[in-house]
Amino acid sequence: MNWILEPWPWYIGGPAIAIFMLLLLIIGKQFGMSSNLRSLCSIGGGGKVADFFNFDWKSQRWNLTLMIGAAIGGFISANYLSDNIVQINESLIPQLKEYGINSAGKAYLPPEIFALENLDLKNVILLLGGGLLVGFGARYAGGCTSGHGISGLSNLQLPSLIAIVGFFIGGLIMVHLLYPFIF
Amino acid sequence: MKTLLYLFLGTIFGIIMYKSEAASWFRIYEMFNFASFHMYGIMGSAVVIGMIGVQFLKKKNVKAIDGSELSLKPKEKGISRYLFGGIIFGLGWGLAGACPGPMYTLAGVGYVSIFIVILGAILGTFLYGLLRKKLPH
C-alpha cells in the first residue's frame with residue numbers, strides 16, 4: 001500500500017487539473033478559486049462599503065462549496081494518502097538553512113513558518129502580508145493561478161499571459177531580492 | 001444533490017493540489033529558483049491539455065449540460081491591471097507559498113497558521129474593493 005502514499009509526478013497532477021477544469025466547463029462553470037475571496041467579503045457585508053462587493057454572491061455558492069470540498073480533500077490526503085514529506089532539489093537546502101529553515105525534505109510545509117509553536121510576531125506579519133498581497137493582487141489582476149493560469153491560458157487569453165508574466169516577476173523579486181531581508 | 005456534486009468535485013481538487021505538491025511552500029520556493037521541472041510540468045501540461053480541450057469544445061460548439069454556452073468569458077483588454085496585479089500576486093505567492101486554491105486545502109489539513117494567510121487574502125480582496133476606482137486598470 002506504499003504507492004498510495006507516494007506524491008504524484010507532474011504528469012499526473014497537471015493533466016488531472018486540466019480534466020478538472022474541462023469538467024467544470026461542461027457542467028457550466030468556470031474554474032477560478034480567488035473569486036471565493038470576493039464572495040466571502042460580500043457575505044461579510046462588504047457591499048455596504050464598496051460597490052465591488054454588491055453582487056449576487058449566492059450565484060457563487062457552487063464555488064464556495066467547491067472551496068469547502070478543497071479543504072476536505074486536504075484533510076483526506078494528509079491523513080490517508082500521504083507521508084506528508086516533500087522532497088525538493090537538494091541544492092536548495094543550504095540556502096534554506098541560511099534562512100533558518102531546516103525542514104526541507106522533512107515536511108510538507110516548513111514548521112519554521114507554519115507551526116503554531118513558532119507563531120511569533122514576525123511570522124504573523126509574514127503570513128498576513130503574504131495573504132494580503134495574494135488577495136489584493138488576484139482581484140486587481142482579475143484572477144489567480146487557476147483563473148488566469150489554467151482557465152485563461154487554455155482559452156488563449158492575452159491578458160492571462162500578461163498576468164502570468166506578472167506572477168513570475170513578483171515571485172522572482174520576492175524569492176531572490178527580498179528573502180535575504182525577510183529571513 | 002448539486003451541493004454534493006460540488007463538494008465531491010472540490011474534494012477531488014483538494015486531493016490533486018495536495019498530492020501533486022502544488023500546495024507545498026517548498027515546491028513554490030523551488031519553482032522560483034528554477035531548481036526543478038515539477039511545477040512547470042504541472043502547469044505546462046495542464047495548460048496544453050486544457051488548451052486542446054477548450055479549442056475542441058469550442059470547435060464542436062459543445063454546450064454545457066444545462067444547454068447554456070460554456071463559461072468562457074473573454075478577459076477585458078488592458079495591460080496595467082494584469083501586470084501590476086500579477087506582480088503583487090506573485091510577491092504574495094512567493095512569500096506565503098500558497099495561492100488561493102491550495103490555501104483552502106491546507107486549512108483542511110489542519111495548519112492553523114494558514115488561516116492567517118486566508119484572513120490576509122480576504123483583507124487584501126477587501127482593500128482592492130475599496131481602492132478599485134483609484135487604481136490604473
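None of the figures in this text is laboratory data; all of them are computed from the coordinates on show. Quick caveat, the model's predicted, so the values are computed rather than measured. A quick note on method: Cβ atoms are made from the backbone with ideal geometry, for glycine too, and the neighbour counts reach across all protein chains shown.
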field: Stretch in chain B that is longest and holds no trypsin sites (Lys or Arg not before Pro) that DSSP places in a loop and that have at most 13 other beta carbons within 10 Å
entry: B:78-137
Helix-only [θ]222 nm of chain B, DSSP H runs n ≥ 4, -39500 (n - 2.57) each, per residue, nearest 500: -22500 deg cm²/dmol
query: Kirkwood Rh over Cα pairs of the protein assembly as shown into Stokes-Einstein at 10 °C, 1.306 mPa s: D in µm²/s?
result: 81
field: Semi-axis lengths (Å, descending) of the ellipsoid that matches the C-alpha gyration tensor of chain A
entry: 29, 23, 19
- line: Connecting every pair of Cα atoms under 10 Å apart in chain B and solving the GNM, the largest mean-square fluctuation among B:ALA96, B:ALA35, B:ALA121 falls on B:ALA35
- line: Helix A:121-141: inclination vs chain A longest Cα principal axis, degrees, rounded to 10, gives 40
Residue-averaged [θ]222 nm for chain A, counting only DSSP H segments that reach four residues, each worth -39500 (n - 2.57): -16500 deg cm²/dmol
query: Considering the Cα trace of chain B, what is its radius of gyration and what is Dmax, both in angstroms?
result: 17.6, 46
DSSP loop chymotrypsin sites (Phe, Trp or Tyr not before Pro) with at most 15 other Cβ within 10 Å excluded, longest remaining stretch of chain B: B:38-137
field: Above-threshold pairs, the threshold being 30 Å between Cα atoms, out of B:LYS19/B:LYS77; B:LYS59/B:LYS133; A:LYS29/A:LYS106; B:LYS2/B:LYS73; A:LYS58/B:LYS75; A:LYS29/B:LYS60
entry: B:LYS19/B:LYS77; B:LYS59/B:LYS133; A:LYS29/A:LYS106
- request: Take the Cα radius of gyration of region A:120-183 and divide it by 2.2 N^0.38 Å, with N its residue count; two decimals is plenty.
  value: 1.28
- prompt: So how compact is region B:68-137: Cα radius of gyration and Dmax in angstrom?
  reply: 14.8, 41
- request: Anything in chain B that counts as a DSSP H helix reaching 18 Å or more along its axis (C-alpha) with Kyte-Doolittle mean of at least -1.0? List them, would you?
  value: B:2-19, B:38-59, B:80-96, B:114-131
- request: Let me know the mean shielding of A:82-92 by other chains, meaning the per-residue number of their Cβ atoms within 10 Å of its Cβ.
  value: 5
